[in-house]
Ligand code: F3S
């Protein structure tokens, strides 16, 4: 039996940078508390390791406002807030800065680019369409940079139902981790329905490579394993892509979730992982499959 591990499995460049930034602050012995706005990545293992090392997660703007009030009451309150790779909405950024703490912005440059595109295009009079999930933090951030009208379309089905204005000029961007095929289908539907659309494909390369490779391996594999956190949207998309090509696709968070029962007919097991899956978890799964079957 052959085991194939995807080359593009695990942490992408943006996530690596954000996670490393937090660990660097711990090692540096930064004065005051270290905070992240939201969990630094969608991975419970990493987040609880950071928690043990004293990193606190700010969950919402109410907690930020409390920090601002505390700072007013005590000039000695200090700390560092790290913004994660998804980025944050403009108003949250302003609140983070108002805390007076040191701010380290680890927003992925590919996400920053989308903020700039939608800000500039909407200022020039374009209506914006974001292809992605409206309640994903990355999309909430993108939407906040639009000056004017913005619509979020989460699937080809929603594109079919979209009732816009055919007289308007639309600029369309995508959540960085959106499914490439569904993005193309969505764009085609909107164009065929007569909308005037300027397309800026902002699916990031890391996602593109990861999805293309996963699809290729899944199309050959008898069993496919996708490792990712249940809250990670890019991991869930990876699972959907693999499942379409390989009926026996498993979605697991850690090795503990894997209950494989391989028959003699299984010749190839493929493994891939989402952008927020740490290397050690991928290695564990890979070693287990290689040594036990
Ligand atoms: Fe950045 Fe792409 Fe990762 S946008 S955070 S490199 S998935």
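By the count of other C-beta atoms within 10 Å, a proxy for reagent exposure, 5, 262 are ordered fewest to most as 262, 5.
In plain terms, the bigger the Kirkwood radius, the slower the diffusion; for the chain, with that radius from Cα pairs, at 4 °C and 1.567 mPa s, Stokes-Einstein puts D at 63 µm²/s. Ranked for footprinting exposure by Cβ neighbours inside 10 Å, fewest first, 235, 126, 48 give 48, 126, 235.
Measuring r between the beta carbons of residue 103 and residue 265 and using R0 = 45 Å, the FRET efficiency lands at 0.25.
The residue 48 and residue 76 beta-carbon pair, evaluated with R₀ = 41 Å, returns a calculated FRET efficiency of approximately 0.90. Based on the convex hull around the alpha carbon atoms, the range 28-115 presents an average projected area of 6.0 nm². Taking other C-beta atoms within 10 Å as the exposure proxy, 121, 147 rank 147, 121 from fewest upward.
Take the Cα of residue 1, go 7 Å toward its beta carbon, and the backbone nitrogen atoms of the range 235-279 under 14 Å from that spot belong to 248-250, 258-271. Short-range pairs are left out: with C-alpha atoms under 8 Å and at least six residues apart, the relative contact order of the chain is 21 percent. Each Cα pair under 8 Å and six or more residues apart adds its separation to the average, and for the range 115-156 the resulting relative contact order is 49 percent. Just so you know, the Rg over Rh for the range 124-274 is 1.07, from Cα atoms, with Rh as the Kirkwood radius. Build a GNM of the chain with springs between Cα atoms under 10 Å apart, and of 256, 185, 157 the one that fluctuates most is 256.
Overall shape: oblate for the range 214-280, with the ratio a/c of the largest to smallest alpha carbon gyration tensor axis at 1.5 or above and b/c at least equal to a/b.
In the elastic network of the chain, a GNM with C-alpha springs shorter than 10 Å, the most mobile of 164, 228, 132 is 164.
Each value in this text was obtained by applying a stated rule to the coordinates, not by laboratory testing. All values reported here derive from a predicted model rather than from experimental measurement. Note that we place each Cβ from the backbone using ideal geometry, even for glycine, and neighbour counts take in every protein chain shown.
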